[in-house]
Amino acid sequence: MDDLNLLNPERVLLSVMLDDDGWRGISPEEALSLCEWEDQAIVAGAAHGLQNHGLIQIEERENEYYYLEAEGEKAIVEGLLELRLWNWMNEQSPPTMANLQLYHEKYEVGPGLGLLKKLGVTIEGGVLKWEGTEKIREEIKLREWFLQTLQSVANSEYDNNQSNPEEAFDPDRWSDMVEHFSTRKNFIRKVVRTERTYTLDEKAIDLDRSSLHVVNLVTDITPELLQSDAWKEAEFRAFDVTLDASTPRTGRSHPMQALIERIRSVFLEMGFSELVDDYVQSAGWNMDALFIPQDHPAREMQDTFYLDEPATLPLPNDLMDTWKAIHEHGGETGSSGWGGSFSNETAQRPLLRTHTTVNTIQYLAQHPHDACRVFSVDRVFRKEAIDRTHLPEFHQIEGIIMEDGANLQMLVTTLKTFYAKMGLPEVRVRPAYFPYTEPSLEIEVKWRGKWLELGGAGIFRPEVTEPLGISSPVLAWGMGLERLAMLVLGLDDIRQLYISDLEWLRQQPIL
Ligand code: PHE
């Protein structure tokens with residue numbers, strides 16, 4: 001018996017059932033009073049527990065009950081309409097339609113006549129006639145009695161099992177009455193209730209009664225319990241590991257933030273340091289320093305967010321002179337440049353950075369001679385129409401390696417290592433074009449059997465590095481973070497990342 005590990009309420013219920021009518025069967029209401037509990041939920045819980053242990057059986061039945069509604073209550077106070085008319089008719093000689101209308105409310109005459117006709121009353125020459133007085137009287141009396149029975153039952157707050165009003169009636173007549181009053185509006189209401197009977201199972205015969213004493217079941221192992229000797233005597237509640245449990249709702253990072261953190265730790269692990277810089281930049285650093293021609297289509301208003309305030313971001317003249325020379329004729333790099341004439345005004349236009357390469361190039365300008373590995377994960381802006389794969393505001397994962405002997409092989413290996421650490425082992429590169437790198441690459445990763453483009457990379461051209469006094473090769477790349485997030489989270493719409501859909505957010509995997 002001990003290994004059954006019954007809970008206290010189960011022990012109590014089982015005890016009272018063994019002492020009382022458990023073999024015949026008791027209702028939950030009886031169980032409640034026998035156990036001297038106050039809450040039906042405890043009865044139900046204990047009964048289910050005992051049922052699971054095979055010690056009792058729970059039988060369920062659906063029973064129908066009828067209650068009086070407003071019209072029914074009114075009929076009890078005022079008398080049923082057909083009864084009142086019937087009494088009146090029997091006092092008249094003869095009962096005429098004219099008098100019926102004269103002495104009764106208009107709203108009662110119509111329905112009243114309807115009821116009387118159904119009882120067999122007819123109208124001949126303006127006079128009410130009928131046959132079978134006894135039968136009519138009987139029927140009306142039965143109706144009155146039915147309603148009164150329902151009322152007395154409601155008043156006595158009857159126990160369903162004890163006084164079933166149906167028993168007072170011949171069952172055929174009972175169902176006739178139910179049928180009749182169901183057709184009259186607001187007279188009676190039907191309630192279906194599930195009723196249960198708890199009956200001891202044979203298995204309970206072998207019970208060792210002494211094991212049913214109420215014990216202090218320990219559900220929580222506390223330091224206090226362990227410090228005292230109380231645990232030696234205690235009985236422990238066994239955990240049911242098969243039960244459903246709710247998922248705790250704890251605070252957590254947004255999946256994008258979590259992904260950024262993971263990227264950060266991957267780069268830090270690979271020996272990179274992080275660079276953080278402003279969104280607002282000059283076109284000069286964003287484009288001219290990167291040898292993007294001033295008439296390049298990407299520089300147009302429809303692709304780039306330019307700022308009205310401030311109207312200009314002043315740049316040092318000697319810097320602009322160097323860019324001018326490079327752009328117009330290649331400066332001292334041996335390049336022939338783009339030709340045309342370079343505009344300082346264009347270079348000094350403020351904009352929202354269109355790529356984070358604007359930051360790495362400035363970092364190089366400040367540290368032209370020190371070998372470095374730098375990365376950033378930050379926000380960039382482009383005038384894109386929002387759709388499934390585009391946002392006007394998104395993030396780039398940017399990086400550079402500057403050191404003597406750095407080469408294309410090293411660039412590809414670094415990118416492959418990064419993606420492998422992010423859980424995407426299949427990476428390939430394809431030739432591409434950027435004005436500031438040579439050679440230039442496109443990086444693709446394999447996702448669900450398809451190659452997807454995630455970013456660009458290359459080795460900075462001399463037109464970019466030489467004016468800054470850099471002599472070592474610079475490997476550079478820039479990749480979309482949201483695209484990567486779509487892969488990692490399995491999304492087919494980029495916008496999902498920025499909809500504050502709490503349910504979706506809660507379900508995202510921990511990255
Ligand atoms: N800046 C490029 C872009 O925004 C990516 C890139 C960075 C390409 C560095 C080459 C080198 O797509």
Completion exercise
Counting only residues that are hydroxyl-bearing (Ser, Thr, Tyr) and open to solvent by 70 Å² or more (accessible area, probe 1.4 Å), the range 257-311 contains a total of 1
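From the list Leu268, Leu243, Leu275, Leu315, exactly one residue is out of contact with any Lys or Arg (no Cβ under 9 Å at 6 or more places or on another chain), at pLDDT below 95 and either closer than 30 Å to Leu505 by Cβ or not aromatic (Phe, Trp, Tyr) (or both). Which is it?
Numbers: Leu268 fails: at pLDDT below 95; Leu275 fails: at pLDDT below 95; Leu315 fails: at pLDDT below 95.
Residue meeting the stated conditions: Leu243.
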Handout entry: The listed residue being modelled with pLDDT of 95 or more and not aromatic (Phe, Trp, Tyr), out of Leu307, Leu217, Leu212
Key = Leu307
Exercise for the section: Name, by its number, the condition in (1) within 16 Å of the ligand (Cβ to nearest atom); (2) part of a loop (DSSP other than H, G, I, E, B) that does not hold for Gly337. Expected result: (1)
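Select from the range 438-452 the residues that are surrounded by fewer than 21 Cβ atoms within 10 Å (Cβ to Cβ) and within 13 Å of Leu415 (Cβ to Cβ) and write down the one among them that is nearest to the ligand (Cβ to nearest atom).
The first filter runs over the range 438-452 and keeps only residues surrounded by fewer than 21 Cβ atoms within 10 Å (Cβ to Cβ), leaving 438-440, 442, 444, 446-452.
Applying the additional criterion that residues be within 13 Å of Leu415 (Cβ to Cβ) yields 442, 444.
On the way: Glu442: 9, Glu444: 14 Å.
That would be Glu442.
Does Val488 satisfy being β-branched (Val, Ile, Thr), under 30 Å from Trp285 (Cα atoms) and in the same structural domain as Phe267 (by TED's automatic domain parsing)? Steps first, answer last, please.
Details: β-branched (Val, Ile, Thr): yes; under 30 Å from Trp285 (Cα atoms): no; in the same structural domain as Phe267 (by TED's automatic domain parsing): yes.
No.
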Completion exercise
Of the listed residues (Ala385, Ala420), the one being open to solvent by 50 Å² or more (accessible area, probe 1.4 Å), assigned to a loop (DSSP other than H, G, I, E, B), more than 16 Å from the ligand (Cβ to nearest atom) and without any contact (Cβ under 8 Å) to a residue 60 or more places away in the chain is Ala385
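Could you tell me whether Arg373 is assigned to a strand (DSSP E or B), in contact with a strand residue (DSSP E or B) (Cβ under 7 Å, 6 or more places away or on another chain) and loosely packed, with under 15 Cβ neighbours inside 10 Å?
On the way: assigned to a strand (DSSP E or B): yes; in contact with a strand residue (DSSP E or B) (Cβ under 7 Å, 6 or more places away or on another chain): yes; loosely packed, with under 15 Cβ neighbours inside 10 Å: no.
Criteria not met by Arg373.
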Fill in the blank from the handout: Flagged in the range 200-213 as surrounded by 11 or more Cβ atoms within 10 Å (Cβ to Cβ) and among the hydrophobic types (A, V, I, L, M, F, W, C), in numbering order, are Leu200, Ala204, Leu207, Leu212
Problem - Residues satisfying the stated conditions in the range 354-370, i.e. away from the ligand (no atom under 15 Å from the Cβ) and either of a type in the set (A, V, I, L, M) or surrounded by 22 or more Cβ atoms within 10 Å (Cβ to Cβ) (or both) - result: Ala365
Practice task
Determine whether the range 87-109 contains at least one residue that is more than 22 Å from Ser182 (Cβ to Cβ), over 60 Å from the mean Cα position of the chain (by Cα) and of a type in the set (Asp, Glu).
Solution key: yes
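Based on this model, can you work out whether Ile361 counts as in a strand (DSSP E or B), within 49 Å of the chain's Cα centre (by Cα) and of a type in the set (A, V, I, L, M)?
When the stated conditions are applied, Ile361 does not pass them.
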Exercise for the section: Test Met486 against the stated conditions and say whether it is within 16 Å of the ligand (Cβ to nearest atom) and either of a type in the set (A, V, I, L, M) or in contact with a strand residue (DSSP E or B) (Cβ under 7 Å, 6 or more places away or on another chain) (or both). Expected result: no
Problem - Filtered residue count, the range 102-137, keeping only those that are open to solvent by less than 100 Å² (accessible area, probe 1.4 Å) and hydroxyl-bearing (Ser, Thr, Tyr) - result: 2
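Quick grid of which residues meet (1) over 38 Å from the mean Cα position of the chain (by Cα); (2) surrounded by fewer than 15 Cβ atoms within 10 Å (Cβ to Cβ); (3) of a type in the set (Lys, Arg); (4) modelled with pLDDT under 90:
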{"residue": "Leu7", "(1), (2), (3), (4)": "no, no, no, yes"}
{"residue": "Trp37", "(1), (2), (3), (4)": "no, no, no, no"}
{"residue": "Ala47", "(1), (2), (3), (4)": "no, no, no, no"}
{"residue": "Gly54", "(1), (2), (3), (4)": "no, yes, no, no"}
{"residue": "Glu71", "(1), (2), (3), (4)": "yes, no, no, no"}
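Please tell me if Ser182 is loosely packed, with under 14 Cβ neighbours inside 10 Å, at pLDDT below 85 and over 26 Å from Ala44 (Cβ atoms).
Numbers: loosely packed, with under 14 Cβ neighbours inside 10 Å: yes; at pLDDT below 85: no; over 26 Å from Ala44 (Cβ atoms): yes.
Considered against the rule, which asks whether it is loosely packed, with under 14 Cβ neighbours inside 10 Å, at pLDDT below 85 and over 26 Å from Ala44 (Cβ atoms), Ser182 comes out as no.
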Completion exercise
Checked pairs for the range 393-409, first within 13 Å of the ligand (Cβ to nearest atom), second of a type in the set (Phe, Trp, Tyr), C-beta under 6 Å and 6 or more apart or across chains, list as Gly399/Phe375; Gly399/Trp477
Exercise for the section: Looking only at the range 283-295, decide whether some residue is aliphatic (A, V, I, L, M) and more than 16 Å from the ligand (Cβ to nearest atom). Expected result: no
Exercise for the section: Looking only at the range 357-375, decide whether some residue is in the same structural domain as Leu484 (by TED's automatic domain parsing) and in contact with a Lys or Arg (Cβ under 9 Å, 6 or more places away or on another chain). Expected result: yes
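The values are calculated or read from the model by the stated rules, or taken from the named source; none is laboratory data. Please read all numbers here as calculations on a predicted model, not as lab measurements. FYI the Cβ positions are ideal-geometry reconstructions off the backbone, even for glycines, and counts take in every protein chain you see. Quick note on the areas: whole protein, heavy atoms, side chains included, nothing else; ligands and nucleic acids left out. Shrake-Rupley method; radii C 1.70, N 1.55, O 1.52, S 1.80 Å.
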